[in-house]
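Read-outs throughout are calculated quantities, based only on the coordinates presented, and are distinct from any laboratory measurement. Every value quoted in this text rests on a predicted model; they were computed, and no experiment measured them. Using ideal geometry, Cβ is built from the backbone for each residue, glycine included, and neighbour counts are taken over all protein chains shown.
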Amino acid sequence: MENKDYTIIYRIMHWAIAISMIFLLLTIFLRLTWMNREHIADIIQSYLATTNQSLSGEELIVLSKQIRKPMWEWHIYLGYVLTGLFCIRLALPFFDKMKFSNPFNKQLVLKEKFQYWVYLVFNTGVAISLVTGLIIKFGPKTLKSTMEEIHVLSIYYLITFLIIHFGGVLLAEFTTQHGIISRIISGTKLTKKE
């Protein structure tokens, strides 16, 4: 595989999509852990017990949802940002600004085919996540439950991709593509001063 320099457009798209996805994962992580509605309800109930007050379980959940609502709105906004970035990413090859890596190319070595297939599966997963998210927000209520079930599965492909991606980048950096990390940051390989 050749050592290539990355254009400014490529780097901007790469990092904008990456940062959006990391923040989306952060909102999911918070929702599943510290900002979990049952966890927040327990904290409120514990506090109310010290003041001789109480709320029903249903009231505690409603209050918990209100507390975490601003954080969850960030998930939605980031979903819109990622949708826009993904649409731009899909359009750029038509303007010869980026290319799609074709895993069906017969001239590819096995390593490149694997890499291109991973990107194809990842981009398909991203598309499914974005479409289901938009249907949850704007689609018919009859589809909401099914779309939420599919949308929740996004975390599994995203975490799997991140592990494969980071592992592959580190492997490439320390074996056949030394300088790949500096090229995706600066656009060109950093050279050592003699």
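Remarks
- Rounded to the nearest 20 debye, dipole of region 1-85 from Cβ charges on Lys, Arg, Asp, Glu: 140
- Dipole-positive endmost among 182, 39, 163 within region 8-186 (Cβ charges, Cα centre): 182
- Computed FRET value (nearest 0.05) for residue 66 with residue 16, which takes r as the C-beta separation and R₀ as 30 Å: 0.45
- Whether region 5-71 is rounded, prolate or oblate, judged on the alpha carbon gyration tensor where a/c under 1.5 counts as rounded: prolate
- Taking each residue as 0.36 nm, the span from residue 146 to residue 32 lengthens on full extension beyond its C-alpha to C-alpha distance by 39.1 nm.
- When peptides 159-169, 12-22 are sorted by average Cβ neighbour count within 10 Å, with the highest value leading, the order is 12-22, 159-169.
- Computed label-point distance, nm, for sites residue 50 and residue 112 using a 7 Å Cα→Cβ extension: 6.4
- Dipole magnitude of region 8-186 about its Cα centre (Cβ charges: Lys, Arg +1; Asp, Glu -1), debye to nearest 20: 620
- Helical segments meeting 15 Å axial Cα length and Kyte-Doolittle 1.0 threshold in the chain (DSSP H): 8-32, 154-174
- Candidate values (1) 14.4; (2) 16.0; (3) 10.1 were compared with mean projected area of the Cα convex hull in nm² computed on the shown model; the agreeing label is (2).
- Close lysine pairs were tallied over the chain: pairs 8 or more places apart or on different chains with Cα atoms under 27 Å apart number 23.
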